[in-house]
Amino acid sequence: MRQYRQRLALTLLTMFGTALTEIMFPHVFGYLLDHGFKGTQTNLALWKVPVAIIGIFVLRGICTFTTSYLMTWISGKMLNEIRAAIFAKILSVPVRFYQAESSGRIINTIMFEAQQIVDMVKVSITTLFRDTLTVLVLLAYLLWINWKLTLVTVVLIPAMAALVRGVSKRLRKLNQNQLEVNGELTQVIEETTRAHQVIRIFGGQQYEQQRFDEKNEKLRGYAMKSTVAVSSTTPVTQILAACAVAIVIMLAVVQAKQDTTTVGDFVKFITAMMMLLTPLKRLADLNGPMQRGMAASESVFGMIDTDAEHDSGQPLSGRARGKLEFVRTRFTYPGQEQEALSDINLCIQPGETVALVGMSGGGKTSLVNLVPRFYTPDSGDILLDGRSLQDISLASLRYQIAMVSQNVVLFDDSIAANIAYGDERPDPARIAAAVQAAHLGEVIRDLPQGLQTMVGDNGMRLSGGQRQRLAIARAIYKDAPILILDEATSALDSESERAVQEALDELMQGRTTLVIAHRLSTIERADRIAVLVDGKIVEIGSHAALLVKDGVYANLYRLQFAA
């Protein structure tokens, strides 16, 4: 909040103004009782009282409005900055972060927990400073009127402090549990909206409803426990206040009999003392939002403090030639014992197409994920044009790579925006060429808004084949020297597959291409085929050579094409 110190200073000034108005009213009221009803003042002088009252509330209104406006402005800016900081972090964290954190948890942190922190700051600053100033001003005023009676009032403050301290620890734990369950509930909602078709087909409505009801009820339970803890402070505070008021009245009556106080002084004291109870109560109630905000801050700043991807490399000077070398590369996923890749030695020449085949879990995806540095090898090295990937900046490295996965990811934007994604200045001519190369021309001509047609959430307004071709068009548009194709034609019908395969064949000319394929018919024309088993390359060669060898690849081929 340091950058807002000028506005904060003005806010504190208006809070101090509000605090001063607290003592003005009882002072005017006491003055009226002592002088207005005894006839010692002229009628002209008595007009000061209503003018003073109106002036007090005008000043109070201006100060209150200004405080509220400034705090809303500051808290709104803070909320934007906190959310922007989290969002910037999730764009730069390693891929393993998304394996440990669910999407519901991330959404909950950005939307709900960040709001909790800002609410804490807004409420705590407004209440803590304004009401503390009010309490101090009223206490000073009470001491000035009658220091003996004030000593009784002061007993309230340490008693309330002890009460608040006792409740704080329980509230912190309850709020941490509540935030955790809130994230779980968000995850259930996110999964249900994403998997609505699977839920309907497999009859999972009742199961999902039970999951939702369980988390929802659990969340309600924590909210009730927190309410009990917070609300219990109110009656205890009121009882303490009632005891103090009773004692003050008794002592004031004694002082009145001894002619050491007047009716006006007594009314001023009682009024100021009663006005003291409201800010004291708000300060006691502040414990709830403070503890919620503190619990949320641990989660929010924990995410902000997550280490970003290691990026100490230097940018490439131009377009890469595309020579890839895997040198004794080993890799194990975090938390796993078995190696995903073991002693990989593979040299891919510029413009060469290498297909990776093998049973599921063999290490194909792990191998291609090392190329854009989604993961870092545990040992060995990977070279691009003779230069270690670790010595190349991430942005520069990934600029050289285009990828098409079987799990197509599209954005809720236009077709043109999805094709030119990442390009700040899209080229309409290149977009049109990519559309034709991916055989999307006829599809787009049939759409009412053409290239400006919105594709919906992850392209749900398009068919599976159209979504796949749109992803291929995006790779064609990027025109990168290295291509990674992970089952790029898996969602296409036979006719579309032939058309797109022709486009891919043309696209792969002059580019280093890594192809993951389960349908072996799609990679027969690859320059070389590497067979991976348990993270090791057990065979490598052309399609014809591997069939002659009659090894693992030949066995896979026979199994796939067996009558």
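The values are calculated or read from the model by the stated rules, or taken from the named source; none is laboratory data. Predicted, not measured: the structure shown is a model, and the values here were computed from it. As a convention, Cβ positions derive from the backbone with ideal geometry for all residues, glycine included, and neighbour counts pool all protein chains shown. Heavy atoms of the whole protein, side chains included, go into the accessibility calculation; ligands, DNA and RNA do not. Shrake-Rupley method; radii C 1.70, N 1.55, O 1.52, S 1.80 Å.
Annotations for the structure displayed:
- Of all the listed residues (G318, G322), the sole one being of a type outside the set (D, E, K, R) and over 30 Å from I537 (Cβ atoms) is G318.
- Exclusive hit being open to solvent by 70 Å² or more (accessible area, probe 1.4 Å) and assigned to a strand (DSSP E or B), set M403, M359: M403
- Tally, over region 343-356, of residues that are of a type in the set (D, E, K, R) and buried (at least 18 other Cβ atoms within 10 Å of the Cβ): 1
- Some residue of region 286-294 being under 30 Å from Y399 (Cβ atoms), open to solvent by less than 20 Å² (accessible area, probe 1.4 Å) and either part of a helix (DSSP H, G or I) or at pLDDT below 85 (or both): no
- When residues of region 284-319 are limited to those that are polar (S, T, N, Q) and over 23 Å from D391 (Cα atoms), the one nearest to the chain's Cα centre (by Cα): S299
- Subset of region 502-521 (residues that are open to solvent by less than 40 Å² (accessible area, probe 1.4 Å), under 14 Å from Y553 (Cβ atoms) and assigned to a helix (DSSP H, G or I)): L520
- Selection within region 93-118 - part of a helix (DSSP H, G or I), open to solvent by less than 60 Å² (accessible area, probe 1.4 Å) and either among the charged types (D, E, K, R) or in contact with a His (Cβ under 6 Å, 6 or more places away or on another chain) (or both): E113
- Residue count for region 438-465, restricted to those that are more than 19 Å from E502 (Cα to Cα), among the β-branched types (V, I, T) and assigned to a helix (DSSP H, G or I): 1.
- Hits in region 432-455 (condition: over 18 Å from D412 (Cβ atoms), in contact with a helix residue (DSSP H, G or I) (Cβ under 7 Å, 6 or more places away or on another chain) and open to solvent by less than 60 Å² (accessible area, probe 1.4 Å)): A434, V435, A437, A438, L440, G441, V443
- Selection within region 383-400 - closer than 19 Å to V515 by Cα and either among the polar types (S, T, N, Q) or assigned to a strand (DSSP E or B) (or both): L383, L384, Q400
- Per the listing N216, N182, N177, the residue uniquely open to solvent by 50 Å² or more (accessible area, probe 1.4 Å), at pLDDT 75 or above and over 28 Å from C63 (Cβ atoms) is N216.
- The set of residues in region 119-154 being among the basic types (K, R) and crowded, with 20+ Cβ neighbours inside 10 Å consists of K122, R130.
- Single condition P426 does not satisfy, out of (1) at pLDDT below 80; (2) more than 30 Å from K364 (Cβ to Cβ): (1)
- Long-range neighbours under 7 Å by Cβ, at least six apart or interchain, first residue without any contact (Cβ under 8 Å) to a residue 60 or more places away in the chain and in a helix (DSSP H, G or I) within region 62-86, second β-branched (V, I, T) and surrounded by fewer than 17 Cβ atoms within 10 Å (Cβ to Cβ): none
- N458 falls short on exactly one of the conditions (1) open to solvent by 10 Å² or more (accessible area, probe 1.4 Å); (2) in contact with a strand residue (DSSP E or B) (Cβ under 6 Å, 6 or more places away or on another chain), and that condition is (2).
- Failed criterion for S414 (all others in (1) free of Cβ contacts under 8 Å to residues at least 12 places away in the same chain; (2) in contact with a strand residue (DSSP E or B) (Cβ under 8 Å, 6 or more places away or on another chain) hold): (1)
- If only residues of region 387-400 that are among the hydroxyl-bearing types (S, T, Y) and open to solvent by less than 50 Å² (accessible area, probe 1.4 Å) are counted, the one that is farthest from the chain's Cα centre (by Cα) is S388.
- Summed over region 325-341, residues that are crowded, with 17+ Cβ neighbours inside 10 Å and assigned to a strand (DSSP E or B) total 5.
Residue by residue, here is whether (1) among the polar types (S, T, N, Q); (2) outside any helix (DSSP H, G or I) holds:
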{"site": "V409", "(1), (2)": "no, yes"}
{"site": "Y421", "(1), (2)": "no, yes"}
{"site": "A433", "(1), (2)": "no, no"}
{"site": "Q436", "(1), (2)": "yes, no"}
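- Within region 375-386, considering residues that are surrounded by 15 or more Cβ atoms within 10 Å (Cβ to Cβ) and in contact (Cβ under 8 Å) with a residue 60 or more places away in the chain, the one nearest to the chain's Cα centre (by Cα): Y375
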